[in-house]
Amino acid sequence: MKDELLLMRDIVDCQLIDSDGERVTKVAGVEADLREGGRPVVRALLVGPEPLARRTGPRIGRLVEHITGGNREVRIPWEQVLNAGPDVDLDVPASATGATRVEDWVREKIIGKIPGSR
């Protein structure tokens, strides 16, 4: 992996690929530590509707958090990332990240309520 990454170019909006080679979701944001006098250090990748909505602005972010209950954000520790760019490869299966819980929630709460969807 590169020693230096440009977060918006190399990580955000990139496709997450799990250890089985399956497409998981897209990276919506990055969580980083700011070090005094140094460069930021990435701690986790953020996926889910909340970090994506926060990118559009605080009002939309608050609205989406209200709708989803504020618990749909998933943090994937940076230690689980093998490679970044053009996709972000993980060293764990999708089920171990929790990243598919948003899709599971949509399937259960929205799609499942549509007549004939089962």
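None of the figures in this text is laboratory data; all of them are computed from the coordinates on show. Because the structure is predicted, anything quoted here is derived from the model rather than measured. Here the Cβ is made from the backbone with ideal geometry for all residues, glycine too, and neighbour counts use every protein chain on show.
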Notebook entry, point to check: Using modelled amide H (1.01 Å from N, peptide plane; none on Pro or chain starts), what sits under 5 Å from the amide H of Arg43, excluding residues fewer than 5 places away?
Noted result: Glu31, Ala32, Asp33
Next item on the list: Quick one: order Leu52, Leu63 by neighbouring beta-carbon count within 10 Å, fewest to most.
Entry: Leu63, Leu52
Next item on the list: Count charges around Leu90 for me, please; just the other residues with Cβ under 14 Å from its Cβ, Lys/Arg as +1, Asp/Glu as -1.
Entry: -4
Notebook entry, point to check: Which of the trypsin sites (Lys or Arg not before Pro) across the stretch 6-62 are loop residues per DSSP, with 16 or fewer other Cβ within 10 Å?
Noted result: Arg35
Notebook entry, point to check: Taking 1 over the mean of 1/r across every pair of different Cα atoms in the chain, what Kirkwood radius in Å do you get?
Noted result: 15.3 Å
